[in-house]
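Accompanying notes for the structure given below.
The values are calculated or read from the model by the stated rules, or taken from the named source; none is laboratory data. Please read these numbers as outputs of a predicted model, since none were measured by experiment. So basically every Cβ, Gly included, is an ideal-geometry build from the backbone, and we count neighbours across all protein chains shown.
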């Protein structure tokens with residue numbers, strides 16, 4: 001385990017504290033992160049918008065049949081359904097080009113890995129999320145929890161620290177941060 005390198009601590013609108021680790025919003029960087037997560041961890045994650053009043057925790061039905069990029073939009077296609085997120089330059093068509101203001105609004109302007117902290121400042125959940133140009137969340141990817149099985153929802157009697165493998169992989173690859181003992185000090189947060 002490496003020495004603790006703390007990210008920025010923020011307080012969300014709900015009052016919960018989170019530690020964030022920003023990443024580049026360059027199209028290539030975001031595409032690589034999304035492709036890595038959805039190709040390698042599709043069966044371990046849940047994802048969707050997490051906003052005040054709504055939490056969509058969707059599970060992938062299978063490995064994506066395609067992860068692609070077209071006109072600035074990432075597409076993750078599972079066959080029966082898919083989703084799009086604008087992570088790059090959205091030009092539109094020759095006959096209907098995208099107005100500059102709309103390009104700025106649609107595109108990811110903030111991307112970060114995060115971990116939610118309890119009152120003792122110990123991590124209790126982990127994830128990755130992006131926000132568009134006006135600060136509206138595009139998606140949250142909920143990484144596996146060592147405290148519970150997500151579907152069906154079952155609390156573990158003892159934490160299963162192996163569930164942090166996706167978090168450890170992503171932190172190392174995109175933040176150059178080794179696994180931390182801090183991530184393995186928590187207990188169930190509810």
Residue, surrounded by the most Cβ atoms within 10 Å (Cβ to Cβ), within segment 138-190, restricted to residues that are out of contact with any strand residue (DSSP E or B) (no Cβ under 7 Å at 6 or more places or on another chain), in a loop (DSSP other than H, G, I, E, B) and at pLDDT below 90 = 187
From (1) touching a strand residue (DSSP E or B) at 6+ places or on another chain (Cβ under 6 Å); (2) surrounded by fewer than 17 Cβ atoms within 10 Å (Cβ to Cβ), pick out the condition that doesn't hold for residue 97.
-> (1)
Name the residues in segment 2-57 that are in contact (Cβ under 8 Å) with a residue 60 or more places away in the chain and at positive phi, would you?
-> 48
Here is a list of conditions, (1) at pLDDT below 95; (2) assigned to a loop (DSSP other than H, G, I, E, B), and residue 135 meets all of them except one; can you say which number that is?
-> (1)
Within segment 58-82, track down each residue that is within 17 Å of residue 46 (Cβ to Cβ) and in contact (Cβ under 8 Å) with a residue 40 or more places away in the chain.
-> 59, 76
Strands (runs of 3 or more DSSP E) contained in segment 44-131 and holding at least 3 residues within 17 Å of the chain's Cα centre (by Cα) | 46-48, 73-77, 82-86, 110-117, 123-131
In the set 39, 17, the lone residue that is at pLDDT below 95 and either over 20 Å from residue 110 (Cβ atoms) or more than 16 Å from the chain's Cα centre (by Cα) (or both) is 17
Pick from 13, 29: which is surrounded by fewer than 17 Cβ atoms within 10 Å (Cβ to Cβ) and not in a loop (DSSP other than H, G, I, E, B)?
-> 29
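Only one of these is out of contact with any strand residue (DSSP E or B) (no Cβ under 6 Å at 6 or more places or on another chain), in contact (Cβ under 8 Å) with a residue 12 or more places away in the chain and loosely packed, with under 12 Cβ neighbours inside 10 Å: 88, 92, 135. Name it. Full working, then the answer.
Values: 88 fails: loosely packed, with under 12 Cβ neighbours inside 10 Å; 92 fails: loosely packed, with under 12 Cβ neighbours inside 10 Å.
None of the others qualify; the one that does is 135.
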